[in-house]
Amino acid sequence: MGKSARSKSKIRNRNVRRATIFGPVEAERIQRLAAKQQVKSGNIGELMDTDEPAASSVSAATDDVEMSAPKASKSVKKGSKNKPKRIVIRNKKGRIFEFLDALERVLDALVVCRESMTYDEYMTVYSAIHTCQEAPGYEVLGLVMDTENRDIFKLVQRSRILYDWLASYIERVLSDIYNESAAIRGENLLNYYIEQWAHFQRSCSLLSSLFTSVDKQWIEYKHDRNFNYECIADRMVQLWYDCFFKRIASRLVSSAIAMVDSERSSTAINGLRVTKLYKSFMELKPLNMPDIKVNYHEDFGVYIHYYEMPYIAAAIHYIDEKTYSLRASNQMYKYIGMVHELFLKEEERAKQYLCSESLIALQVCLNNEFLIKCIKPTNELAVQIADTQCDVDKLQPSYSLLQQFEKHDVLEHLQNEFISRALRDIFQSCPYSPENSSVSMSGFSLNAITYLSDKYELGKAAIGMLFKENPTFEKAFDSMFKQLINSEDIRCRFKVDPARLAAEFCNLVLKSRSTTEGNFTHLLKKAMNVFQASSSKTTFFSFYSLHLSRRLLNSTSISMDFEKTAISMIYETALSLDNGGDLSIGGLAAVYFGKYRQMVSEISTRNEQLHDKFNESIGYEASVRVLSKEVWDFIKPDYDQNVVLPVQLSKACDQLAKYYSEQYSNRIIRWQWLYTTATVQVYFPNSKSRYAAAGYTFVLNAFQVAILSLFIDSLVASAVGYTLEQICNETNLSVERISMELDTMIRAKILICTATGIHLNQAFSSKHQRVDISHTKADVKRHEEKWLEYEVAKVHVEYIMADVVYLMKSLKIISHKELFAHVASRRGGYFMVTMHLFKVAIDKLIHKEYICRSSDDYSIYEYPT
Amino acid sequence: MAKASGQATSKKTSKSKMVAGNELQKWFNENQEHKDGRAVIMPEGFERLCEALEFDMDGIEPMVLLWQLNGVELGTVELEGWEKGLDEMGVRDLSGLKMAIENTVEAFKTNSELFKTFYRKMFDYLRQDKQKSITAEYAVAVLPVITSNMWVFEKFVEFLKANDDKIKTISRDQWQSLLALSRNLEPDMSNYSKDDAWPTMFDDFVDWAKA
């Protein structure tokens, strides 16, 4: 059990301490005070005796404070030469102290923390401060107030003297304290400081309360001295900060950093000390200090400069030392891994030793110091990973740090690296363009789309793993892939739009017998990856339409269900890209989606009436389909309409056309002979093969039927044979068409060419009874594709013309480049607006007088009023 | 306005000097024909006028004369245009007319706006049946006459000749832009950019010229 403060032993011990420890100190203090007040030095008793007031002194505001003030003016006159009295205070035991002495004792207890102080002592001084300031006839620091009238001027003067005295007292005492700490080092210094800090925190509020009553005259004083402090207590706190904390700070930081460094080297330290130190620094931060600036070293605010900067510098130094050898030997994987590991440790450490406000500063500095330097090598590794999808775990840490600050150059580096590497690899993977080599378009599309799509899938997966929490990087990767697909490099090198390759790839998948339910969606997804990144959506749709038409007309599609699934998949992909607005991709896709569905529907359903009518006319089994021109508009119109067919077939066709026209409000049937096939049974009298008797079954297109019928009809009459010119005249076909079909029939050995002309091969023989030569020739296909390219370009020009007129209506006058930019951004999703197409559109519009050039400047367009 | 501005010298003669019954009016009356009820000088008559003025029919002067007399089409001048033109030039006899035309041709060298107006009007004279374009053939024939010693035009005519199977017509825009091109293009064509607003035909022209 602790003893009471009034117990004899406590009192005795206190008296002993007072006599042996505090006594001498007090004596010194009194001497100092006396010197200042120019009185002779002496012990407390002497001074008390001298200044002791008369027994009949008037009680002051409190019982403890007494002032030897005269009772009346008379008594003052009677007194010894009108000598001012000193203010004395009496404690509970009756001991009497001079006011300033008592005040100094309280302040010592509050500031120096060397002596304990009771509540009574504190309150006594508190009351005395209040009383002494206005007590008339008594001297406070050499200034005596008038006995009768309260002189405001003197009141102010007296306060000022008191303020000055307090300031000089604090400065002196704190200088002593600071000097005391000079010999202390290391952790002891931290301990010492932390004690002082705790004491300071406690004392601040007490000081503030203590001087409340003397703050009355503060405004005048503050104004004179040009201070910002609201009261004397604030001034004292600031002095405390300036005289002690500020002076000791740099030594403390060195000691603390030395301790943290020891901890980094796995030495156990008392982390609590360091933590308290940094926390107190933050709390000590004066209000008028600038906010923390964390852009980079040079921009650090003052506060950072004193406290955080040495800490951060130590952390950078430590990491640099640890990783230098790895970076120097270019072991980037290990380097990045170690940097990341150390970053995490430093962050954890900083959470303990730095204030939360300073963590960002540390992070930014470390990022600037280490990550910016390794963006390029990191990106190189990232792209390697995107290629191979290995070691993602090793790189993830580094990127997880990089993405923290999402700097533009991180993305830019990644983008440049990805695109240049992808371009290099794709040109290695697909070295020959189908335009200038024997590589087929479908074979090329298989390679190119597979490469591009795999690149996308791998890259996307890697980026997803590397930046899983940051959609900015995923969007950036999509944008990179778009740039790659639409790059001028690819277009120039391939000489084919990647969108067209995607359509070719779809065609291949939908025709290939190796396509199964299992791999169909996966394969189609590859084409969709390129489709969604391509800016030439209309090119894709057009070529897809052409291939779909061919597949449906030639019955080369593997499955109608697959066709339907593919159409839906394309539509859904397009819808997912839809950004709304009047020129949305979804709107464009909907138009094509409708067409595709109708194509599939028309090819799947048969008009029974027409079918019967045709069979009735022709006299043998035949099938006919009527297709809408506006839906099947991507197959080249057949210009060989007037081909001379066998009489029976020709007659049946005419009858059907007439019937159809009557039935369906004068609609006209236009025959697509190129896509017409016939199965013909032919007997060759001189053939010695095993099928000679049964005859051969030829699958021919309409033109081949026309040519063959010519030879069969004239078999008996003409033994001389036909010349090319004769065949042209007889069949009414173009020379190009005849040449092409004759070439096929001669190669198949159905016809033979002799010196006298072209004859039917009477001795035809083949291993197979059924011979199909109806397939469309590659040359025809190429011709058709060229036609389609031209048609697509025409459509693009029309789109641009519409846009230009639309824009010019509102803009009225605009420069060439601005108008191009407007149109390019407006049509960006549909197709890539090239300058050439744009200029062609402008030429047409000027010619049609929709717009005109300014008469002063050829590069300014005007909308005619 | 541009037309008038180039004839500062010829316009010094005051309007009052133009009187009915002068030599040129007499000449018109003698050579006029009637078309759609209007008095006109037909191409044969215009050729006679050029002969009277001693103008070479293969030179620029007949073109300038036609323009100054407000010709309605190639070689055809109406009375109204004739009188207005002579009035503006302030001439009343053949010698005065000859001098005015020669002065205008001379003014082309210094007054680019005047030439621009003349050059643009030429397109209208070369159109057939009010079509929007002129044939490349006409352009090949006329351009060297009206733009002698201008290298871009010379080169362009060569280009038209070399591509006569592809380029059949010249539009008004191409015609007018050609003059702007001739004034902008460096001799080595290094300042030509396909991204500029020039008609697409000029892209082909520059490619052809550089090849």
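The values are calculated or read from the model by the stated rules, or taken from the named source; none is laboratory data. Fair warning: this is a prediction, and the values are worked out from it, not measured in the lab. We place every Cβ from the backbone using ideal geometry, glycine too, and count neighbours over all the protein chains shown. Surface areas here come from the heavy atoms of the whole protein model, side chains and all, with no ligands, DNA or RNA. Shrake-Rupley method; radii C 1.70, N 1.55, O 1.52, S 1.80 Å.
Quick notes
- Of the residues examined, B:Met189 is one that is open to solvent by less than 70 Å² (accessible area, probe 1.4 Å), over 23 Å from B:Ser133 (Cβ atoms), hydrophobic (A, V, I, L, M, F, W, C) and away from chain A (no Cβ under 13 Å).
- In the condition set (1) modelled with pLDDT of 70 or more; (2) closer than 23 Å to A:Ala258 by Cα; (3) exposed (fewer than 15 other Cβ atoms within 10 Å of the Cβ); (4) not polar (S, T, N, Q), A:Ala328 is compliant with all but (2).
- Residue list for region B:10-28, restricted to those being more than 25 Å from the chain's Cα centre (by Cα) and modelled with pLDDT of 80 or more: B:Lys26
- Residues located in region B:153-186, provided they are open to solvent by 30 Å² or more (accessible area, probe 1.4 Å) and under 15 Å from the mean Cα position of the chain (by Cα): B:Arg172, B:Gln176
- Lone unmet requirement of (1) open to solvent by less than 10 Å² (accessible area, probe 1.4 Å); (2) in contact with a His (Cβ under 7 Å, 6 or more places away or on another chain) for A:Leu510: (2)
- Meets criteria (assigned to a loop (DSSP other than H, G, I, E, B), within 22 Å of A:Thr834 (Cβ to Cβ) and hydrophobic (A, V, I, L, M, F, W, C)) for B:Met201: no
- Candidate set from region A:686-715 (those that are of a type in the set (Gly, Ala, Ser) and touching a residue at least 12 places away in the same chain (Cβ under 8 Å)); member that is most open to solvent (accessible area, probe 1.4 Å): A:Ala694
- Selected residue (criterion: farthest from B:Gln68 (Cα to Cα)) from residues of region B:128-139 that are within 14 Å of another protein chain (Cβ to nearest Cβ) and free of Cβ contacts under 8 Å to residues at least 24 places away in the same chain: B:Gln131
- Lone qualifier among A:Ser535, A:Ser557, A:Ser542 - being under 22 Å from A:Ser445 (Cα atoms), open to solvent by 10 Å² or more (accessible area, probe 1.4 Å) and touching a Leu at 6+ places or on another chain (Cβ under 9 Å): A:Ser557
- Flag for B:Thr147 being within 14 Å of another protein chain (Cβ to nearest Cβ), touching a helix residue (DSSP H, G or I) at 6+ places or on another chain (Cβ under 6 Å) and open to solvent by less than 60 Å² (accessible area, probe 1.4 Å): no
- Residue match in region B:39-46 (condition: open to solvent by less than 40 Å² (accessible area, probe 1.4 Å), within 21 Å of B:Thr104 (Cα to Cα) and modelled with pLDDT of 80 or more): yes
- Within region B:155-186, the set of residues being of a type in the set (Gly, Ala, Ser) and within 14 Å of chain A (Cβ to nearest Cβ) comprises B:Ser171, B:Ser177, B:Ala180, B:Ser182.
- Flag if A:Ile232 is open to solvent by less than 50 Å² (accessible area, probe 1.4 Å) and within 16 Å of A:Ile194 (Cβ to Cβ): no
- The C-beta contact set for region A:349-360 (first residue free of Cβ contacts under 8 Å to residues at least 12 places away in the same chain, second residue hydrophobic (A, V, I, L, M, F, W, C), distance under 9 angstrom, 6+ apart or interchain) comprises A:Lys351/A:Leu359; A:Ser356/A:Met282.
- Residue check for A:Arg826: open to solvent by less than 40 Å² (accessible area, probe 1.4 Å) and among the basic types (Lys, Arg): no
- Residue match in region B:130-152 (condition: aromatic (Phe, Trp, Tyr) and over 16 Å from the mean Cα position of the chain (by Cα)): yes
- Figure legend. Inter-residue proximity from region A:591-604: first residues farther than 17 Å from A:Thr538 by Cα, second residues outside any helix (DSSP H, G or I) and open to solvent by less than 60 Å² (accessible area, probe 1.4 Å), beta-carbon distance below 6 Å, spacing 6+ or different chains. Indicated pairs: A:Gln598/A:Val631; A:Met599/A:Val631; A:Glu602/A:Leu627.
- Helices (runs of 4 or more DSSP H) lying entirely in region A:658-748 (those with 2 or more residues that are modelled with pLDDT of 80 or more and within 60 Å of the chain's Cα centre (by Cα)): A:735-747
- Hey, A:Val771 within 30 Å of A:Phe531 (Cβ to Cβ) and of a type in the set (Val, Ile, Thr) or not: no
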